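Okay, so here's the structure we're looking at.
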Amino acid sequence: ANYAAAKAGLIGFTKTLALELGKFGVTANAIAPGFVETEMTQATATRQGIDYAAWKIAVARDIPVGRIGQPEDIAAVASFLCREEAGYVSGQVIFVNGGAKV
C-alpha cells in the first residue's frame with residue numbers, strides 16, 4: 001500500500017506540475033522504470049537470499065522484449081526529455097519496462 005500510494009502521488013504531482021508550469025515553458029514528466037539491472041536490484045536479491053543471475057533470467061521471461069533493463073535504457077529516455085524536441089511532451093508517465101504489465 002505504501003508503494004502504491006507513493007507512486008500515485010508522484011504521478012499526480014507530475015501531472016499537476018505540467019498543468020501549473022506549462023504557461024512558463026516548463027515541462028514535467030515522470031519516468032517509470034521496470035526491472036533494471038543495478039546495484040540496488042542485486043542487493044535486493046542478496047537480502048532475500050535469491051541467486052541474482054537466476055532471478056534476472058526468470059524476470060526476463062516475463063518481459064515482452066525478453067530482457068531486463070539497463071541503466072542506459074532509462075538514461076536514453078531522460079536524455080530525450082531534456083532536449084528541445086521533447087518540448088511538447090508534458091504531464092506524461094513514460095514506462096521504460098520492456099512492455100511489461102504495469
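Selection over region 47-76 of residues that are touching a helix residue (DSSP H, G or I) at 6+ places or on another chain (Cβ under 7 Å) and within 12 Å of residue 97 (Cβ to Cβ) gives a count of 2.
Taking helices (runs of 4 or more DSSP H) as the structural unit, those lying wholly within region 19-91 and holding at least 3 residues that are buried (at least 16 other Cβ atoms within 10 Å of the Cβ) and within 16 Å of the chain's Cα centre (by Cα) correspond to 71-81. For region 7-37, the tally of residues that are small (Gly, Ala, Ser) and in contact with a Leu (Cβ under 8 Å, 6 or more places away or on another chain) stands at 2. Of all the numbered requirements in (1) in contact with a Lys or Arg (Cβ under 9 Å, 6 or more places away or on another chain); (2) open to solvent by 60 Å² or more (accessible area, probe 1.4 Å), residue 13 misses one, and that requirement is (1). Set side by side, the residues 49, 87, 91 differ, and just one is in contact (Cβ under 8 Å) with a residue 60 or more places away in the chain and on the phi > 0 side of the Ramachandran plot, which is 91.
The values are calculated or read from the model by the stated rules, or taken from the named source; none is laboratory data. Fair warning: this is a prediction, and the values are worked out from it, not measured in the lab. All Cβ positions, glycine included, derive from the backbone under ideal geometry; neighbour counts span all protein chains shown. Side chains are part of the model used for accessible areas, which takes the heavy atoms of the whole protein and leaves out ligands, DNA and RNA. Shrake-Rupley method; radii C 1.70, N 1.55, O 1.52, S 1.80 Å.
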